[in-house]
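Participant: Supplied in C-alpha cells, the structure appears directly below.
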Amino acid sequence: MNYTIGIDIGTYSSKGVIVDAGGAIIATATTPHDMIVPRPGWAEHRPDEDWWGDLVKLTGQLLATSGLDPADIRCVATSAIGPCMLPVDADGRPLMNGVLYGVDTRASDEIRWLDGQIGPDRIFQQCGNALTSQSVGPKILWLKRHRPEIFAQTARILTATSYLTFKLTGEYAIDHYTAANFSPLYDVETQDWTTELTSEIVGKEMLPRLLWSTEIAGQITAQAAAETGLAEGTPVTVGTIDAAAEAVSVQVQGPGDMMMMYGSTIFIIQVTQDRVRDPALWYAPWITPGTHASMAGLATSGTLTHWFRDQFAREMDGDQAFGALMNEAAATPPGAGGLLALPYFSGERTPIHDPAARGCFFGLDLTHTRAHMYRALIEGIAFGTAHVIETFVKAGATPERILAVGGGTKGDLWMQATSDIGGVPQIVCDNTVGASYGDAFLAACAIGTAEPNDITTWNPIARHVTPEQHPVYARQFALFKNLYLATKDIAAELGAIK
C-alpha cells in the first residue's frame with residue numbers, strides 16, 4: 001500500500017494528513033499551540049512542545065484514525081513556519097525557544113550593523129536578498145551578542161523543519177529553499193553556505209547539510225518510531241517551509257504561477273523563469289534544481305483577526321466569534337465607512353520592510369462600530385496584499401495565475417476584498433488543506449509514486465474569485481500608502497518610548 005504522511009507546524013496550530021497514491025485524503029488531524037510574545041517585536045515557539053510535541057500527537061492521531069499499519073506509510077515529509085532560528089547543543093537539544101520568522105524583529109540592530117560592515121548591495125548580489133527581519137543570519141548574530149552563554153553551548157543552528165528532521169532521523173539537514181533565508185550565509189549563485197561576506201556570525205560547520213525538497217534526508221530512528229508510532233526505517237524527506245508546501249498543494253508549478261496563502265500571515269510565492277532581482281522581495285531557489293521563486297509576506301494578517309476577536313468579541317467563543325464578526329463586517333459597505341486600518345501590528349515585512357511600523361485605525365468617528373473596525377482590518381490586510389502585488393508587477397513579475405490557499409479562503413469577504421483592491425482574479429482548488437497536503441505530495445514524489453504534474457489531478461480547480469472593482473477601494477488604496485508615509489516617523493518614536 002502506498003500512503004504518505006505530511007505534517008505541517010504553523011504559527012498557532014499544526015496539521016497532519018495521510019494521503020493515498022491517488023491523492024485521496026485518508027485521515028486528517030489538527031492540534032493547537034500558542035505563539036509566545038515575551039516582549040514587543042519578539043515571537044517564539046517551544047521546540048519540544050510546539051514542534052516535536054505536535055508532530056508526535058498528530059502521527060498518533062492519524063494512525064489511530066486511519067487504522068493503517070505503520071508499515072503501510074511509505075514516506076514522511078514535514079514543513080513548518082520559517083525561517084526560524086534554533087540553537088541546539090552537541091546532542092541536538094534545544095538551548096532556548098525557537099525565534100520565529102519575520103514577525104520577530106529583535107535583530108534590527110544586527111541588520112544595521114551587517115549592512116554597514118558588508119554593504120547592502122554586496123549582500124543583495126551574493127545572497128539574493130536584502131537583510132530584513134525575515135533573515136536568519138542577523139538573528140544568529142543577535143544570539144551571539146545578547147545570549148553569549150547560550151551561544152557558547154551551541155553546536156548547530158537549526159530551523160523548525162530541520163529540527164523535526166533531526167528528531168525523526170538523527171540527521172542535520174535543510175532544504176535550499178529554507179537555507180536561502182539565512183542571509184548573509186547562503187550564496188544563491190553557488191547554492192551553498194558561505195562565510196565569504198562575514199565570519200562574525202557562525203562557521204559553516206554549524207549549519208545543516210543542504211538538500212532539495214524532494215530528497216530523502218534519512219530514515220525514522222528507533223527512538224522516533226517509539227515516540228511517533230511510525231515504523232523504524234521509513235524514509236523522511238528534508239522538508240521545507242510551510243509556504244512552499246502550500247504552494248505545491250495548489251498547483252503552483254511553472255513560471256507565472258503565484259500562491260496567495262491566507263493564514264496567520266499573508267505569504268506569497270511566485271515561480272519565475274529567472275531570478276528576480278528586487279530588494280523589496282525575497283528570493284530563493286525553488287524546490288527542485290534549476291527553478292526560481294520570489295516571495296513576499298505581511299507580518300500579520302490572520303494573527304490580527306485573532307487579536308481583534310480576543311479584544312472585542314470576548315463574549316463569544318472561537319469560531320462562533322469569527323463567524324459573527326465576519327457577518328457584521330459583510331453587512332457594512334466597502335470602505336468601512338471611511339475608516340482605514342494599517343495592519344502593521346508587529347512591524348511589516350514586504351514591501352516596506354519596516355520593523356518599527358505600527359498598526360492604527362484612522363478616521364474613527366462616533367458613527368463607527370465594531371463591524372466597521374473589523375471590516376477596516378480585513379480591508380487593511382487586503383491593501384497590504386495589493387501593495388505586494390504592485391511590487392511584483394513593478395519588478396517585472398506580473399502573475400499569470402493566483403492560486404489561493406489557507407484557512408482565509410473560507411472567508412468570502414477577505415478574498416473578495418483582496419481581488420477588488422488588487423484588481424486580480426484568484427483560483428481556489430478543491431482541497432485547501434494546505435501545507436500538510438503539499439508535504440504528502442512531496443513525499444510521494446520523493447519515493448517515485450507521483451510525478452510533479454500529478455498535483456493537477458490530486459487537487460483540481462474548484463472555483464474562481466473575480467474582482468468587482470469597488471471605486472471606493474481605488475481611492476482608499478492611495479490613502480492607505482500615504483497614511484503609512486505620514487505616520488512612519490511617529491511610529492518609530494513611539495516604539496522608542498517603550
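Participant: Might you check whether a residue that is under 21 Å from PRO285 (Cβ atoms) and over 17 Å from the mean Cα position of the chain (by Cα) occurs anywhere in segment 102-118? Outline the logic, then answer.
Facilitator: Initially, segment 102-118 is screened for residues under 21 Å from PRO285 (Cβ atoms), giving 102.
From what is left, the residues that are over 17 Å from the mean Cα position of the chain (by Cα) are none.
No, the conditions are met nowhere in segment 102-118.
Participant: With respect to PRO40, is the statement that it is touching a Leu at 6+ places or on another chain (Cβ under 7 Å), more than 19 Å from ASP242 (Cβ to Cβ) and not hydrophobic (A, V, I, L, M, F, W, C) true?
Facilitator: On the way: touching a Leu at 6+ places or on another chain (Cβ under 7 Å): no; more than 19 Å from ASP242 (Cβ to Cβ): yes; not hydrophobic (A, V, I, L, M, F, W, C): yes.
So PRO40 does not fit the description; no.
Participant: Does segment 451-498 hold any residues that are surrounded by 14 or more Cβ atoms within 10 Å (Cβ to Cβ), out of contact with any Cys (no Cβ under 9 Å at 6 or more places or on another chain), modelled with pLDDT of 95 or more and outside any helix (DSSP H, G or I), and which are they?
Facilitator: Result: VAL465, PRO467.
Participant: Another question, then. Among (1) in contact with a helix residue (DSSP H, G or I) (Cβ under 7 Å, 6 or more places away or on another chain); (2) hydrophobic (A, V, I, L, M, F, W, C); (3) more than 18 Å from ALA443 (Cα to Cα); (4) free of Cβ contacts under 8 Å to residues at least 60 places away in the same chain, where does MET85 come up short?
Facilitator: (4)
Participant: Sort out which residues of segment 438-450 are outside any helix (DSSP H, G or I) and in contact with a helix residue (DSSP H, G or I) (Cβ under 7 Å, 6 or more places away or on another chain), and write them in order of number. Quick ask: steps written out before the conclusion?
Facilitator: First pass over segment 438-450, keeping only residues outside any helix (DSSP H, G or I): 447-450.
Answer for segment 438-450, where residues must be outside any helix (DSSP H, G or I) and in contact with a helix residue (DSSP H, G or I) (Cβ under 7 Å, 6 or more places away or on another chain): just ALA450.
Participant: Scan segment 409-448 for residues that are acidic (Asp, Glu) and either within 12 Å of THR385 (Cβ to Cβ) or surrounded by fewer than 20 Cβ atoms within 10 Å (Cβ to Cβ) (or both) and jot them down. Can you show your working first?
Facilitator: Filtering segment 409-448 down to residues acidic (Asp, Glu) leaves 412, 420, 430, 439.
Matches in segment 409-448: ASP412, ASP420, ASP430.
Participant: Those residues that are in a helix (DSSP H, G or I) and out of contact with any His (no Cβ under 8 Å at 6 or more places or on another chain), I need them from segment 23-52; list them, please. Quick ask: steps written out before the conclusion?
Facilitator: The first filter runs over segment 23-52 and keeps only residues in a helix (DSSP H, G or I), leaving 47-52.
Once the filter is applied, which keeps residues that are in a helix (DSSP H, G or I) and out of contact with any His (no Cβ under 8 Å at 6 or more places or on another chain), segment 23-52 yields PRO47, ASP48, TRP52.
Participant: Take SER346 and decide whether it is touching a helix residue (DSSP H, G or I) at 6+ places or on another chain (Cβ under 7 Å), crowded, with 16+ Cβ neighbours inside 10 Å and not aromatic (Phe, Trp, Tyr).
Facilitator: Details: touching a helix residue (DSSP H, G or I) at 6+ places or on another chain (Cβ under 7 Å): no; crowded, with 16+ Cβ neighbours inside 10 Å: yes; not aromatic (Phe, Trp, Tyr): yes.
Here the answer is no, as SER346 does not meet what is asked.
Participant: Quick one: count up the residues across segment 356-413 that are closer than 24 Å to VAL103 by Cα, assigned to a loop (DSSP other than H, G, I, E, B) and among the charged types (D, E, K, R).
Facilitator: 1
Table: residues versus (1) among the β-branched types (Val, Ile, Thr); (2) closer than 23 Å to PRO40 by Cβ.
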residue: THR305; (1), (2): yes, yes
residue: ALA356; (1), (2): no, yes
residue: GLY363; (1), (2): no, no
residue: MET373; (1), (2): no, yes
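Participant: Of all residues in segment 185-195, count the ones that are surrounded by 13 or more Cβ atoms within 10 Å (Cβ to Cβ) and in contact (Cβ under 8 Å) with a residue 40 or more places away in the chain.
Facilitator: Of the residues in segment 185-195, 6 are surrounded by 13 or more Cβ atoms within 10 Å (Cβ to Cβ) and in contact (Cβ under 8 Å) with a residue 40 or more places away in the chain.
Participant: Take the residues of segment 128-178 that are within 18 Å of the chain's Cα centre (by Cα) and free of Cβ contacts under 8 Å to residues at least 60 places away in the same chain: which is farthest from SER79 (Cα to Cα)?
Facilitator: Only one residue tops the list, namely LEU131.
The values are calculated or read from the model by the stated rules, or taken from the named source; none is laboratory data. This one's a predicted model, so the numbers in the text were calculated from it and none came from an experiment. Methodologically, a virtual Cβ is constructed for each residue, glycine included, from the backbone with ideal geometry; neighbour enumeration extends over all protein chains shown.
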